[in-house]
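A quick write-up on the structure given underneath.
The values are calculated or read from the model by the stated rules, or taken from the named source; none is laboratory data. None of the values given here were measured: they were computed from a predicted structure. Every residue, glycine as well, gets a Cβ built from its backbone with ideal geometry; the counts of neighbours run over all protein chains shown. Just the protein is used for accessible areas: all its heavy atoms, side chains included, with ligands, DNA and RNA removed. Shrake-Rupley method; radii C 1.70, N 1.55, O 1.52, S 1.80 Å.
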Amino acid sequence: MKIAAVIAAGGRGRRMNSTLSKQFLMLKGRPILYYTLSTFETLAEIEEIILVVGPSDIVHAEREILIPYRFKKVKLVEGGQERQDSVYNGLRSCSPQTDIVVIHDGVRPFVTKKIIIDSIEAAKKYRAVGVGVPVKDTIKVVDKGVIINTPDRKTLWAIQTPQTFEYKLILRAHEEARNSGFYGTDDTVLVERLGFPVRMIEGAYENIKITTPEDMIVAEAFMDMGYGDFKR
Ligand SMILES: Nc1ccn([C@@H]2O[C@H](COP(=O)(O)OP(=O)(O)OP(=O)(O)O)[C@@H](O)[C@H]2O)c(=O)n1
Ligand SMILES: C[C@](O)(CO)[C@H](O)COP(=O)(O)O
């Protein structure tokens, strides 16, 4: 079975307020993206890694990541305006013989090999799988500053990545979304809108998405605590 990974790293990181795209910010002396790629590179089940970066970051990715760390499985692809565009570009660059694709945010460096493998095994069975954690806070739906609904917390999960799919299914879901001009903030929603059931499996609270400046402080602490499956 041919398994590929698409690593979404084509964003600008606006909420990080840094001139450098946040996926290239240094964490303990290495770019954040190095750690994410290292975990996938050393996972035997992953045959190819499609790294999607923004047009203005292509040279930086080559100079700071691909050349110094000599990742063997990584193929560099240009990203798009939105995350969904980047992922679609990545999917189209996978080998046509791909059976399963693992889609993961480049800025989630603390993903574990167990979570990746669990998502692959679940996708072999269910064809579409999300990784997430039950929310800890009570969530409110707010409209114009007024709380209009309080969903039952027992039903609420914060979805993370990896999101892992039968390749043909997710490619079709992306194409259908593009044809109808639908944009979502993750990939499972594109399969949900086809009416196809998506399974949720347990991720980890440590599998954070580095998004805003305080996440860098948390990430430094996670590094000190030994989280993550990357080569140190
Ligand atoms: N056009 C885009 C936008 C986002 N991403 C990637 O999708 C992941 C999750 O997105 P997010 O955390 O929102 O990153 P940014 O879009 O860069 O952040 P912001 O919204 O603050 O600009 C990141 O690894 C990001 O690089 C991408 O590949 N292509
Ligand atoms: C895909 C994702 O990480 C799932 O939580 C999230 O939707 C990405 O959102 P972003 O705004 O692109 O960070």
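Give the stretch 78-89 a look and list any residue that's more than 13 Å from ligand 2 (Cβ to nearest atom) and within 15 Å of the chain's Cα centre (by Cα), or say none. Walk me through how you get there before you give the answer.
So the first thing to find is which residues in the stretch 78-89 are more than 13 Å from ligand 2 (Cβ to nearest atom), and the list is 78, 88-89.
Selection gives Y88, N89.
For the structure I just gave you, tell me whether I170 is of a type outside the set (G, A, S), open to solvent by less than 40 Å² (accessible area, probe 1.4 Å), touching a residue at least 60 places away in the same chain (Cβ under 8 Å) and farther than 20 Å from L91 by Cβ.
Details: of a type outside the set (G, A, S): yes; open to solvent by less than 40 Å² (accessible area, probe 1.4 Å): yes; touching a residue at least 60 places away in the same chain (Cβ under 8 Å): yes; farther than 20 Å from L91 by Cβ: no.
Taking the combined requirement at face value, the residue does not satisfy it.
Out of the stretch 137-158, which residues are among the basic types (K, R) and surrounded by 10 or more Cβ atoms within 10 Å (Cβ to Cβ)? Break it down into steps so the answer makes sense when it comes.
To start, the set of residues in the stretch 137-158 that are among the basic types (K, R) comprises 140, 144, 153-154.
Within the stretch 137-158, K140, R153 qualify.
Can you name every residue in the stretch 109-121 that is open to solvent by 20 Å² or more (accessible area, probe 1.4 Å) and either under 20 Å from V52 (Cα atoms) or outside any helix (DSSP H, G or I) (or both)?
Of the stretch 109-121, the ones open to solvent by 20 Å² or more (accessible area, probe 1.4 Å) are 112-114, 117-118, 121.
Across the stretch 109-121, the qualifying residue is only T112.
Restricting to the stretch 122-136, give me the number of residues that are open to solvent by 70 Å² or more (accessible area, probe 1.4 Å) and part of a helix (DSSP H, G or I). Before you say what the answer is, go through the steps one by one.
Start the filter on the stretch 122-136 by keeping residues that are open to solvent by 70 Å² or more (accessible area, probe 1.4 Å), which leaves 124-127, 136.
Those left that are additionally part of a helix (DSSP H, G or I): 124-126.
Total satisfying the criteria: 3.
Can you name every residue in the stretch 67-108 that is surrounded by fewer than 16 Cβ atoms within 10 Å (Cβ to Cβ), under 17 Å from L37 (Cα atoms) and out of contact with any helix residue (DSSP H, G or I) (no Cβ under 8 Å at 6 or more places or on another chain)?
Passing the criteria: I67, P68, R70.
Output the residue which, of all residues in the stretch 176-204 that are aliphatic (A, V, I, L, M) and closer than 18 Å to V102 by Cβ, is nearest to ligand 2 (Cβ to nearest atom).
Here is the first cut: in the stretch 176-204, the ones aliphatic (A, V, I, L, M) are 177, 189-191, 194, 198, 200-201, 204.
Next, from what is left, pick out any that are closer than 18 Å to V102 by Cβ: 189-191, 198, 200-201, 204.
On the way: V189: 9, L190: 11, V191: 13, V198: 13, M200: 12, I201: 14, A204: 13 Å.
By that ranking, first place goes to V189.
Which of the strands (runs of 3 or more DSSP E) contained wholly in the stretch 1-100 include at least 1 residues that are small (G, A, S)?
Working: elements: 3-9, 48-53, 74-78.
Hits in the stretch 1-100: 3-9.
Of all residues being in contact with a helix residue (DSSP H, G or I) (Cβ under 8 Å, 6 or more places away or on another chain) and surrounded by fewer than 20 Cβ atoms within 10 Å (Cβ to Cβ) in the stretch 27-37, which is nearest to K209 (Cα to Cα)? Just the residue, please.
L27
Could you go through the stretch 202-224 and let me know if any residue there is without any contact (Cβ under 8 Å) to a residue 40 or more places away in the chain and under 25 Å from E121 (Cβ atoms).
Checking the stretch 202-224: not a single residue is without any contact (Cβ under 8 Å) to a residue 40 or more places away in the chain and under 25 Å from E121 (Cβ atoms).
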